[in-house]
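Enquirer: Mind having a look at this structure? Questions to follow.
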Amino acid sequence: MKIDLKQLSALHHGSIPFEETIDLREETLYGAKPFQSPVQLSGEVSNESGVLRLKGTIKTIYSTACARCLKPLDILLTAQADMVLSDDPDAVEEDDLFVLTGDSVDPADVLVPALILQVQMTYLCKEDCKGLCPHCGADRNVTDCDCEKKQIDPRFAALRALLDEGE
């Protein structure tokens, strides 16, 4: 949804609200497509004494897996943005400045990057998740496996044999 800024520029204290649902199912992040739920955008573009400003919120469900046990997780992600909109082509985009390329702005262009910045590299199903056994693959949160607790690196097996002979 594009918001035409020409009519807003004529008003000194006007605003144009927006509310939209967008589809990010094809967006790839960390090798996966985690945005399988609709993405909700809402907010307003306002003219505050000649300064155009976009304030908005974006929220969706981020589908991922626990980094330790691979259990599927759905995380509610929310981001907010408060950006000054500038039509100066020489302006450098900063944390609170968005450089316009025309006479309109798409709120998704401002809010989607803010949402992606909220994504963490890893998520856990619970803080004390025990993960998977590296040998048999059993979920240690559900069951205790019979794998030897202290596995020996095969590269050090010869040294271990020397220690066993000395006993």
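Enquirer: Going by amide H atoms built from the backbone, whose H comes under 5 Å of the H on ALA138, apart from near neighbours?
Expert: The list, which skips near neighbours in sequence, is CYS133.
Enquirer: Next question. Going by alpha carbons, how many degrees (0 to 90, nearest 10) lie between the helix axis of 107-117 and the longest principal axis of the chain?
Expert: 20
Enquirer: Oh, and also: I need the trypsin sites (Lys or Arg not before Pro) found in segment 98-167, filtered to DSSP loop residues with at most 16 other beta carbons within 10 Å of theirs. Write down the numbers at each step before the final one.
Expert: Working: sites: LYS126, LYS130, ARG140, LYS149, LYS150, ARG155, ARG160; in loops: LYS126, LYS130, ARG140, LYS149, LYS150.
The qualifying sites are LYS126, LYS130, ARG140, LYS149, LYS150.
Enquirer: For segment 85-135, which GluC sites (Glu not before Pro) are both in a DSSP coil and crowded by at most 11 other Cβ atoms within 10 Å? Working shown, then result.
Expert: Working: sites: GLU93, GLU94, GLU127; in loops: GLU93, GLU127.
Answer by residue number: GLU93, GLU127.
Enquirer: Provide the per-residue ³J(HN,Hα) series for segment 19-33, in order, calculated from phi with Karplus coefficients 6.51, -1.76, 1.60 and θ = phi - 60°, each as a whole number of Hz, with x at glycine and proline positions.
Expert: Taking θ as phi minus 60°, the curve returns 8, 8, 10, 10, 10, 10, 4, 8, 6, 9, 9, 6, x, 10, 10 Hz for segment 19-33.
Enquirer: Could you tell me which of HIS12, SER42, THR60 has its Cα farthest along the dipole of segment 3-117 towards the positive end, charges placed at Cβ (Lys, Arg +1; Asp, Glu -1), taken about the Cα centre?
Expert: Comparing the listed Cα positions along the dipole, THR60 ranks first.
Enquirer: Another question, then. Which option, (1) 25.6, 90; (2) 17.6, 55; (3) 14.8, 48, is the value of Rg and Dmax of the Cα atoms in Å that was calculated from these coordinates?
Expert: For Rg and Dmax of the Cα atoms in Å, the calculated option is (1).
Here, each number is a calculation from the coordinates, and none is a lab measurement. These figures come from a predicted structure and were not determined experimentally. Cβ coordinates were reconstructed from backbone atoms using ideal geometry, including for glycine residues, and neighbour counts include every protein chain displayed.
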